[in-house]
Amino acid sequence: MTKVVLATGNVGKLHELQTMLADSAIQVLPQNALGVHEIEENGASFTENALLKARNAARQTGLPAIADDSGLEVDALGGAPGVYSARYAGVGASDADNLAKLLQELRSISADKRTARFRCIIAYVNQADDPGPLICEGLWEGHILDTPRGRNGFGYDPVFLVPGLNRSSAELTPLEKNRLSHRGQALRKLVQQLANMGSRFC
């Protein structure tokens, strides 16, 4: 088993990533269990933020690190909330706060113009100064509902309508979500790349 630190403090993300990696040869150690101090996510893109977090965790632990940065992009809002998804309603905002702001911003936008996507970037570094990090991307296209539906998931899941299923992301089972989601897509790509590059592991 290869020990890798997972650079996130988000409980929902941690659970999803641990579930998807459960059958791999990677033993995931959450960064809070290793005393990692979180770094400010001040990058201008998902890729920059993912790398900031991965390098920070690797530097503080001496272990390889995986980090993701993801968010919702709404076309009618010019791609917002984007990298600010977790703090759309302000620093320290709750999921409910962010949802409320999003729906308020879209109140005059018709259903056919509420196209959106979840984007996820997952970065893997073998060490803090790794000159060749692995970067994998996943995209999940959908529409934004006018009212939340479902009790599963987290973040914007209750208002993200999944194409072809007529269900929100929060109405999917964890297995269904992991199969379809942006994070599931990116992580499967990463696991495959790591399997093909076993010599990179410490």
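The values are calculated or read from the model by the stated rules, or taken from the named source; none is laboratory data. Note that the structure is predicted; figures quoted are calculated from it, not measured. Don't worry about glycine lacking a Cβ; one is built from the backbone with ideal geometry, like all the others, and counts go over all protein chains shown.
Here are a few things to note about the model shown:
- Flag if Arg183 is within 20 Å of the chain's Cα centre (by Cα) and of a type outside the set (Ser, Thr, Tyr): yes
- The listed residue being over 18 Å from Gly79 (Cβ atoms) and in contact with a helix residue (DSSP H, G or I) (Cβ under 8 Å, 6 or more places away or on another chain), out of Ala128, Ala111, Ala116: Ala128
- Here the range 25-34 is the region considered, the condition is being surrounded by 15 or more Cβ atoms within 10 Å (Cβ to Cβ) and at pLDDT below 85, and the residue that is nearest to Leu190 (Cα to Cα) is Ile26.
- For first residues located in the range 147-174 and on the phi > 0 side of the Ramachandran plot, partners that are in a strand (DSSP E or B) and small (Gly, Ala, Ser) and lie 6+ apart or on another chain with Cβ distances below 7 Å form the pairs Gly150/Ser168.
- Number of residues in the range 70-119 that are under 18 Å from the mean Cα position of the chain (by Cα), among the β-branched types (Val, Ile, Thr) and farther than 21 Å from Ala50 by Cα: the value is 0.
Condition check ((1) in contact with a Phe, Trp or Tyr (Cβ under 9 Å, 6 or more places away or on another chain); (2) under 22 Å from Leu180 (Cβ atoms); (3) among the hydrophobic types (A, V, I, L, M, F, W, C)) across all residues:
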{"site": "Ala50", "(1), (2), (3)": "no, yes, yes"}
{"site": "Ala54", "(1), (2), (3)": "yes, no, yes"}
{"site": "Ala93", "(1), (2), (3)": "no, no, yes"}
{"site": "Ala96", "(1), (2), (3)": "no, no, yes"}
{"site": "Arg107", "(1), (2), (3)": "no, no, no"}
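- Ala111 falls short on exactly one of the conditions (1) under 20 Å from Gly12 (Cβ atoms); (2) at pLDDT below 95; (3) not β-branched (Val, Ile, Thr), and that condition is (1).
- Selection from the range 20-35 of residues that are closer than 18 Å to Gly9 by Cβ and over 19 Å from the mean Cα position of the chain (by Cα): Ala33, Leu34, Gly35
- Among the residues of the range 38-60, those that are within 19 Å of Gln127 (Cβ to Cβ) and of a type in the set (A, V, I, L, M, F, W, C) comprise Ile39, Ala50, Leu51, Leu52, Ala54, Ala57, Ala58.
- Evaluating Gln60 against the criteria (1) under 25 Å from Leu194 (Cα atoms); (2) assigned to a loop (DSSP other than H, G, I, E, B) leaves one unmet condition, (2).
Yes/no per residue for (1) crowded, with 18+ Cβ neighbours inside 10 Å; (2) in contact (Cβ under 8 Å) with a residue 12 or more places away in the chain; (3) assigned to a helix (DSSP H, G or I):
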| site | (1), (2), (3) |
| --- | --- |
| Gly12 | no, yes, yes |
| Val36 | yes, yes, no |
| Gly43 | no, yes, no |
| Asn49 | yes, yes, yes |
| Asn56 | yes, yes, yes |
| Ser70 | yes, yes, no |
| Val83 | yes, yes, yes |
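- Residue within the range 186-193 that is without any contact (Cβ under 8 Å) to a residue 12 or more places away in the chain and closer than 21 Å to Val5 by Cα present: yes
- Matching entry among Glu171, Glu176 (being more than 20 Å from Asp69 (Cα to Cα), of a type outside the set (A, V, I, L, M, F, W, C) and at pLDDT below 95): Glu176
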